[in-house]
Amino acid sequence: MIFATVSIPNSSSTLGTPPRPALISNGRVHTLPFPDMQAVIAIGAEQAAQRASKKSFRVDQVKFHAPLKPTSLRDAYAFEQHVKTASQNRGRAVPEGWYKFPAFYYTNPHSIFGPEDEIPFPHYTEALDYELEIAAVIGKGGINIKPENAQAHIFGYTIFNDWSARDVQREEMKIGLGPAKGKDFASSLGPVIVTGEALIDRAVRRPGVYDLTMIARVNGAEMSRGNFKDIYWSFGEIIARASDNCELQIGDVIGSGTVGTGCLLELTKTQGPWLNAGDVVELEIEKVGILKNVIGAKNR
């Protein structure tokens with residue numbers, strides 16, 4: 001199943017309807033009688049779909065928003081190719097600890113942007129970057145979840161762009177507490193949440209992992225290409241680590257980390273060129289869609 005948060009333009013008003021959750025089926029958008037995606041996740045995909053409106057709209061008749069406001073937002077560091085290349089570009093080896101457990105950090109769940117939204121360009125950076133990621137949306141809370149049981153806790157998957165101010169991040173990481181202002185200004189999610197059932201034909205023998213091509217484009221030119229199946233730490237392992245003595249909540253979002261080649265930091269050996277105001281960034285994941293954003297004017 002495919003879920004989204006949409007608004008319906010109204011011919012009598014430039015404002016249209018407020019954003020509301022919807023089911024996408026056979027290329028048609030059916031609104032759902034729930035206040036937000038959190039309520040959809042809480043009741044479950046099957047039951048929510050049964051309450052879909054019979055009236056429907058074409059996909060091009062609605063505006064897509066970020067599919068949900070995360071309860072919390074974690075981002076893992078799970079693709080070995082990205083970690084190796086980024087480490088080499090920084091003149092160091094991959095830390096031994098990276099192979100011991102799936103690492104992640106908490107980022108800002110309140111600076112969420114959706115498809116077609118303009119991304120703020122912070123005044124404090126000269127090195128704005130995108131990150132091509134897939135994210136799991138938690139649909140069933142739990143603590144001390146085993147990797148093999150993690151799939152039952154995933155409501156679905158969405159595209160995640162972890163926008164980064166690389167020069168600020170570089171200085172922050174030297175302190176040893178992880179990125180903060182280098183990451184907290186923007187994260188993009190969308191355009192939809194796709195449940196595991198809709199991806200079953202692409203499942204691989206690892207919990208929460210699928211064979212899906214991942215592509216990033218800047219101003220129409222392909223910059224990054226990878227595959228979800230190449231992830232070193234599966235979502236099963238990431239969820240097990242995140243839930244170890246810590247209860248996951250419905251609506252938590254966990255990013256995969258950047259796929260191999262999936263950012264300018266990796267591609268340009270940390271030297272740029274970086275993103276500029278007006279650039280259009282598209283992240284595409286097979287069977288999930290395209291998450292498109294434009295970079296706004298630099299804040300002063």
For the stretch 219-234, Karplus couplings with θ = phi - 60° (6.51, -1.76, 1.60), whole Hz, Gly/Pro x: 6, x, 8, 5, 10, 9, 8, x, 9, 4, 5, 7, 4, 7, 9, 6
Principal axes of the chain: Cα extent on each, largest first, Å: 58, 46, 30
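Taking the stretch 206-272 on its own, what percent of its Cα-Cα pair distances exceed 15 Å? Please report the intermediate quantities before stating the final value.
Working: 1367 of 2211 pairs.
Counting every Cα pair in the stretch 206-272, those more than 15 Å apart make up 62 percent.
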Phi-based couplings in Hz for the stretch 123-128 (Karplus 6.51, -1.76, 1.60; Gly and Pro marked x): 5, 8, 10, 10, 9, 7
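Restrict the search to the stretch 175-238; then list the GluC sites (Glu not before Pro) that DSSP places in a loop and that have at most 15 other Cβ atoms within 10 Å of their Cβ.
On the way: sites: GLU197, GLU222, GLU237; in loops: none.
Within the stretch 175-238, no GluC sites (Glu not before Pro) qualify (loop, at most 15 other Cβ atoms within 10 Å).
Once a ≥ b ≥ c are taken as the square roots of the eigenvalues of the Cα gyration tensor of the stretch 57-208, is the result rounded (a/c under 1.5), prolate (a/b larger than b/c) or oblate (a/b not larger than b/c)? Intermediate values should be presented prior to the final figure.
Working: a/c = 1.93, a/b = 1.17, b/c = 1.65.
The shape class here is oblate.
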Per-residue ³J(HN,Hα) for the stretch 45-52, Karplus 6.51 cos²θ - 1.76 cosθ + 1.60, θ = phi - 60°, Hz, x for Gly and Pro: 4, 5, 5, 5, 4, 5, 9, 5
Tail weight of P(r) past 23 Å, computed on alpha-carbon pairs of the stretch 126-245, percent: 42
The stretch 2-65 shape via C-alpha gyration tensor axes, a/c threshold 1.5: prolate
Rounded Å value of the spacing that divides the Cα centres of the stretch 250-278 and the stretch 144-191: 11
Column: log10 I(q)/I(0), Debye, Cα scatterers of the stretch 166-300, q = 0.10, 0.12 Å⁻¹: -0.41, -0.60
Mean-position separation - Cα centroids, the stretch 1-52 and the stretch 115-134, in angstrom: 27
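FYI, it's all coordinate maths here, none of it is from the lab. Please read all numbers here as calculations on a predicted model, not as lab measurements. Don't worry about glycine lacking a Cβ; one is built from the backbone with ideal geometry, like all the others, and counts go over all protein chains shown.
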